[in-house]
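Remarks on the structure that follows.
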Amino acid sequence: MSEFVPRTAQAEILRYTHGKMGIAAVPGSGKTHTLSYLAATLIASDRVQEGQEVLVVTLVNSAVQNFSKRISSFIRQFHLLENIGYRVRTLHGLAHDIVRERPDLAGLENNFQILDERASNDILEQIVTTWQRNHPDFLEKYTHPDSVEKLSYLGSKWKLVLQSMASSFIQQAKDMELTPARIDDAMAQNQCEHDLLRFGVEVYRDYQNALSYQAAIDFQDLIRLAYHVLKLDNDYLQRLQQRWPYILEDEAQDSSALQEKILRLLCGKDGNWVRVGDPNQAIYETFTTANPRYLLDFLKEKDVLPHDLPES
């Protein structure tokens, strides 16, 4: 691989040494290449000491492999040892690292298990099927009068709709750190009772009970508990801040509220955090709790140096 020669916009970003930086990048602008080179130069310039790492947080597992490969390539060009001085993780991988060191603070056993998406969906499907069977009036209420006679035929389609609604409800509730009990209390205090809201709360409660019965958590719980652990143990948080003095966040337009909270804690008040993303290319906004406004608001903060990668 030939040596990386940055364009003007990239060169400005690579002058980064410390503090907070936000980068709005268009597709094809070389943000992965630039972030990888930045990670390597931070290591090569001795800004990362022994026992420390540049932490790169990206969106999906395939991107983890891509970043690791590119950083390793640049590290070789600097004649340094590979796989030392940096860590690349998805948010779920990072949350797992955090919780795995202190499962006691998360209220988990050392051998806790994490259910994958398929297992979680299987549990949710069973709960929704049972709920649907026990609430036939619900389906009649939300089915067009001309189609009520076909309700048995429409039941399978209703199940898919209800399962999708329940999944979105649970993700949103966990991202907002709301338990079923807290939602129940809020509904009572605000005298807010609605069939759809009641459906979401009841399925959410049964889903969490099923996870608890299996001594398991799902991916969304993992993120929620990681934040909980960091908030509970300041000494542990400070050790992680020392371990990861530089945080480089990829695909920040798809950051969720909890992801931003976790990274803000790890960065600390005076830490080093670079966020890169394209606010116009939010892929996961429609079916997760991700929102590009977190990146847009970050770019406007007084202590953040904004940059653009405007050319594809």
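The values are calculated or read from the model by the stated rules, or taken from the named source; none is laboratory data. Fair warning: this is a prediction, and the values are worked out from it, not measured in the lab. As a convention, Cβ positions derive from the backbone with ideal geometry for all residues, glycine included, and neighbour counts pool all protein chains shown. We work out accessible area using only protein heavy atoms, side chains counted, and drop any ligands, DNA or RNA first. Shrake-Rupley method; radii C 1.70, N 1.55, O 1.52, S 1.80 Å.
Every residue in region 72-97 that is polar (S, T, N, Q) and either open to solvent by less than 20 Å² (accessible area, probe 1.4 Å) or in contact with a strand residue (DSSP E or B) (Cβ under 7 Å, 6 or more places away or on another chain) (or both), please. Result: SER72, SER73, THR90.
Taking the criterion of being touching a helix residue (DSSP H, G or I) at 6+ places or on another chain (Cβ under 7 Å) and open to solvent by 70 Å² or more (accessible area, probe 1.4 Å), the residues of region 98-116 that qualify are GLU109, ASN110. Entry remark, region 190-215: residues being touching an Asp or Glu at 6+ places or on another chain (Cβ under 8 Å) and closer than 17 Å to ALA166 by Cβ number 2 in total. Can you find a residue in region 206-218 that is assigned to a loop (DSSP other than H, G, I, E, B), farther than 30 Å from GLU125 by Cβ and either open to solvent by 30 Å² or more (accessible area, probe 1.4 Å) or acidic (Asp, Glu) (or both)? No, because not a single residue in region 206-218 is assigned to a loop (DSSP other than H, G, I, E, B), farther than 30 Å from GLU125 by Cβ and either open to solvent by 30 Å² or more (accessible area, probe 1.4 Å) or acidic (Asp, Glu) (or both).
Only a single item in (1) surrounded by fewer than 18 Cβ atoms within 10 Å (Cβ to Cβ); (2) among the hydroxyl-bearing types (Ser, Thr, Tyr); (3) part of a helix (DSSP H, G or I) is not met by TYR227, and it is number (1). In the condition set (1) of a type outside the set (A, V, I, L, M); (2) modelled with pLDDT of 80 or more; (3) open to solvent by 40 Å² or more (accessible area, probe 1.4 Å); (4) in a helix (DSSP H, G or I), GLN163 is compliant with all but (3).
Return yes or no: is LEU197 outside any helix (DSSP H, G or I) and not basic (Lys, Arg)? Taking the combined requirement at face value, the residue does not satisfy it.
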